[in-house]
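Note sheet for the following structure.
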Amino acid sequence: MKLVTHGRINHDLKENETSFDLVVGLDFFFLNAALAAIENNIRNMGEPRPLNLNRFNYTAFLQKTIGRDNSRRLMDEYALTGSFRRFPPELNHTFFFADVKMKWNEEAQTFHSVEPLGLANMERFPLNTYVDGFLEVRKTRNEDFLSLILVPSGLTSEGIGPEWYFFTYANNIMQTIAASPEYNDMIRSVSPRRRRMNVGRGERPFTYILAADRRPFDFVRSMRRLKE
């Protein structure tokens, strides 16, 4: 799995609080049909909250990755039409978030999101909408840990909600589960060999598996505690 970030850090000396305003790209080997199911669900959310890409962190990331002139041309296209005529391959990520607000929790030693996630695209398919959910990243000396939950139906005050997709990564294993039995059956039906990514000699193998039923609920509870 690869994690790409770009953005700004703010440290409040009075409150001793560190916050982040980020663009985040996640890349990992996964089942295309499962990604398509997530993308279709998010695209057809009942009450979409449009994401405006014309924000500093996004345009700064574009300039960094494709150059100032190309970035200006793309944003001019976006301003005129609300989309890109030709999707830039540099933005092609499994999940690409153009607006992620995060904080650092010293006690838990974790970065965690504190607002809905601004999802710009999944792979080359634009979405440009805010989605309820949480993103957490923990870094240790030897390993990175990441958890993500997307809730197209909207988070409820208790539990999660009727529609959600959960991912958690550690030790080169991506675990996933969703509220949808069809999604879970898709993951379950893929043979272990096909769920394993081919890597070079000496590299650690990557695979994805179905997560335990309780994992997303434990994760949401832990994120809510961090926000209290």
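Where a number appears in this text, it was derived from the coordinates with a stated rule and is not lab data. All figures in this text were calculated on a predicted structure; none of them were measured in a lab. Because the Cβ atoms are built from the backbone with ideal geometry, glycine has one as well, and the counts that use them run over all protein chains shown.
Loop only per DSSP, at most 11 neighbouring Cβ atoms within 10 Å: give me the trypsin sites (Lys or Arg not before Pro) in segment 1-108, ordered by residue number. Don't skip to the answer; put the middle values down first.
Details: sites: K2, R8, K14, R43, R55, K64, R68, R72, R73, R85, R86, K101, K103; in loops: K14, R55, R85, R86.
Sparse-neighbourhood loop trypsin sites (Lys or Arg not before Pro): K14, R85, R86.
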Considering the options N44, G67, F111, tell which one lies farthest towards the positive end of the dipole of the chain, charges being +1 on Lys and Arg and -1 on Asp and Glu at the Cβ, about the Cα centre.
G67
Stretchable slack from E182 to A60, in nm (0.36 nm times residue separation minus alpha-carbon distance)
40.0 nm
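Quote the FRET efficiency, to the nearest 0.05, computed for S222 versus S83 with a Förster distance R0 of 41 Å and r equal to the Cβ-Cβ distance.
So, using R0 = 41 Å, E works out to roughly 0.65.
Only loop residues by DSSP count here, and only those with at most 13 other Cβ atoms within 10 Å; note down the GluC sites (Glu not before Pro) in segment 26-135 that meet that.
Passing both the DSSP loop test and the Cβ count: E106, E107.
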Sort V100, V137, V24 so the one with the fewest other Cβ atoms within 10 Å of its own Cβ comes first.
V137, V100, V24
When we measure straight from the Cα of K14, which lysines land under 29 angstrom away, once same-chain ones fewer than 8 places off are left out?
K101, K103, K139, K227
Nitroxide proxy distance, nm - points 7 Å out along Cα→Cβ at S191 and A36
2.1
Among E15, E163, E115, what is the fewest-to-most ranking by other Cβ atoms within 10 Å?
E15, E115, E163
Efficiency by 1/(1 + (r/R0)^6): what FRET value for S157 and T18, r their Cβ-Cβ distance, R0 = 35 Å, to the nearest 0.05?
0.80
Let a ≥ b ≥ c be the square roots of the eigenvalues of the Cα gyration tensor of segment 2-227; is it rounded (a/c under 1.5), or, if not, prolate (a/b larger than b/c) or oblate?
rounded
Which distance in Å, rounded to a whole number, links the C-alpha centroids of segment 27-83 and segment 84-151?
12
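Do any trypsin sites (Lys or Arg not before Pro) in segment 170-228 lie in a DSSP loop with no more than 13 other beta carbon atoms within 10 Å, and if so, which?
On the way: sites: R188, R193, R194, R195, R196, R201, R214, R221, R224, R225, K227; in loops: R193, R194, R195, R201, R214.
Those that pass, being in a loop and sparsely packed, are R193, R194, R201, R214.
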Rounded to the nearest 500, what is the 222 nm mean residue ellipticity of the chain from helices alone, with -39500 (n - 2.57) per DSSP H run of 4+ residues and division by all residues?
-8000 deg cm²/dmol
